[in-house]
Amino acid sequence: MLIGEVARRSGVSARMLRHYESLGLVRPSGRTGSGYREYSAQDIRRIFHIESLRALGLSLREVGRALDDPGFTPSALVGDLIGRTRERIAAETELLTRLSRIHAADPADWEDALHVVTLLHALGSPSADARQRAALSSADDPPLPVEALVEAVLGETDPHVAGALRWALARSGDGGLALLAQGIGSPVAAVRERAVRSLTEMPGDEATGHLRDALAHPDPVVGGYAALELGARGDADAVPTLIDMIAEGRNDTEAADALSVLASDTAAADRIAARLVDRLAHDTTGAPARGRLTQALAGVPGTTASRALVELSHDAERAVALTATYLLQLRAGR
């Protein structure tokens, strides 16, 4: 079969067939009387083998080794191809993400596009100062895409940079709320903490709703941050978690302060005091926990809290009784 016919049947151009021949990959079995290359069925099978190996990503040099080296082991080369393919996919994915973020910023011209590129590059800088400057500049026009800010804040370890990123996110609107809520579901504890801390600085009802959901998270750090912020926002859903925090000694001072904020009227104060009294009656963790719960009554106004302190002033645990007595004296002096 002559080279033109081989090219038509194989889909490999005559020029490429000649290139294969120059590299020694294919050697036509014969020549016609006029000197034209003549390919046998075995030659054509080899051409198809070459194309199949090239389709896997092998270089022509690797193709030659695969076909001619008796000691060639395909498993090692295939493993190497898998690694190179993964690296290429990762690089292409990173490029796609970067391009998508530039597109999301909707730059008006090339100057704006380059501004976004510069900020995105700075967010990935090893320099904390550069990352912080990028975060503080992210509100410029055009602003950084919220997806980039969320990714940066969830991965940031420097507290100053993280604070700047949370500030930038709070100014970016509601677009990052769902992404931060997803971050709370991360298997990595540090990522969950960064996500919920970012949510606490996001205003609005939607952020509050995500914080309510976070109260039930099995990670007590997540629930604690959510409860403290909800308490500051006047959301009574935080009360049970705040009382748990006081009993367990987790940010108990801040939790007691949050309860004081929530005890803003007589009805709310009496409900909170009743919950504290109930926890005191059933808490079995020992004197330190009961002492913290008693101390929390100090910030709760109203008769329910006062009656509870009177009873606790006669408690069998001396530390609890002394604390309650002291708090009663403070109330009497107001």
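The values are calculated or read from the model by the stated rules, or taken from the named source; none is laboratory data. Keep in mind it's a predicted model, so treat the numbers as computed, not measured. Every residue, glycine as well, gets a Cβ built from its backbone with ideal geometry; the counts of neighbours run over all protein chains shown. When the accessible area is computed, the model is the full protein with side chains, heavy atoms only, and any ligands, DNA or RNA have been set aside. Shrake-Rupley method; radii C 1.70, N 1.55, O 1.52, S 1.80 Å.
Give me the number: length gained by fully extending F48 to S100, i.e. 0.36 nm times residue separation minus the C-alpha to C-alpha distance, one decimal in nm. Intermediate results must be reported in sequence, preceding the final value.
Details: separation 52, 0.36 × 52 = 18.72 nm, distance 3.91 nm.
Residue separation times 0.36 nm, minus the Cα-Cα distance, leaves 14.8 nm.
Nearest 20 debye, what's the magnitude of the dipole of the chain about its Cα centre given +1 on Lys and Arg Cβ and -1 on Asp and Glu Cβ?
Details: 36 positive and 45 negative charges, 294 e Å.
In total the dipole reaches around 1420 debye.
Compute the FRET efficiency between M16 and D283 as 1/(1 + (r/R0)^6), taking r as their Cβ-Cβ distance and R0 = 56 Å, and round to the nearest 0.05.
Numbers: r = 82 Å, r/R0 = 1.46.
Working from the Cβ atoms, E equals 0.10.
What order do Y20, Y326, Y225 take when sorted by accessible area (1.4 Å probe), most exposed first?
The most accessible residue leads, giving Y326, Y225, Y20.
If you work out log10 I(q)/I(0) by the Debye sum over Cα atoms at q = 0.11, 0.13 Å⁻¹ from the coordinates, which of (i) -0.85, -0.97; (ii) -0.82, -1.06; (iii) -0.61, -0.88 do you get?
The value matching this structure is (i).
What whole-number value in Å² describes the accessible area per residue of the chain for a 1.4 Å probe? Kindly include the intermediate steps, with their values, before the conclusion.
Details: 18420 Å² over 334 residues.
Computed with neighbouring chains in place, this is 55 Å² per residue.
Restricting to Cα pairs below 8 Å that are 6+ residues apart, what does the relative contact order work out to for region 213-334? Please round to a whole percent. Don't skip to the answer; put the middle values down first.
Working: 156 pairs, mean separation 22.4, N = 122.
Worked out over region 213-334, it gives 18 percent.
Just name one of L165, M16, A247: the one whose Cα is farthest towards the positive end of the charge dipole of the chain (beta-carbon charges, Lys/Arg +1, Asp/Glu -1).
Ranked along the dipole, the leading option is M16.
Within region 11-45, whose backbone N sits under 18 Å from a point 7 Å along Cα→Cβ of A55?
Residues 11-13, 17, 44-45 qualify, since their backbone N sits under 18 Å from the label point.
Considering only protein heavy atoms and a probe of 1.4 Å, how much of the accessible area of the chain is carbon and sulfur, as a whole percent? Spell out each step's value before the answer.
Working: 9900 of 18420 Å².
Carbon and sulfur atoms account for 54 percent of the accessible area of the chain.
Roughly what angle does helix 110-123 make with the longest principal axis of the chain, taking Cα atoms, 0 to 90 degrees, to the nearest 10?
So the helix axis and the longest Cα principal axis differ by about 70 degrees.
Any idea what % of Cα-Cα pairs in region 106-206 are farther than 20 Å? Please list the in-between numbers first.
Values: 1727 of 5050 pairs.
Beyond 20 Å sits 34 percent of the P(r) for region 106-206.
Which distance in Å, rounded to a whole number, links the C-alpha centroids of region 248-312 and region 9-26?
What the calculation gives is 86 Å, centre to centre.
In the chain, if the dipole is taken from +1 on Lys/Arg beta carbons and -1 on Asp/Glu beta carbons about the Cα centre, which of I44, A66, L154 is farthest to the positive end?
Projecting each Cα onto the dipole axis, the largest value belongs to I44.
Using alpha carbons only, how many degrees (0 to 90, rounded to 10) separate the axis of helix 220-232 from the longest principal axis of the chain?
For helix 220-232, the angle is close to 60 degrees.
Give me the compactness ratio for region 238-311, meaning the Cα radius of gyration over 2.2 N^0.38 Å. Before the final figure, lay out each step's value.
Details: Rg = 10.8 Å, N = 74, 2.2 N^0.38 = 11.3 Å.
The reported ratio for this selection is 0.96.
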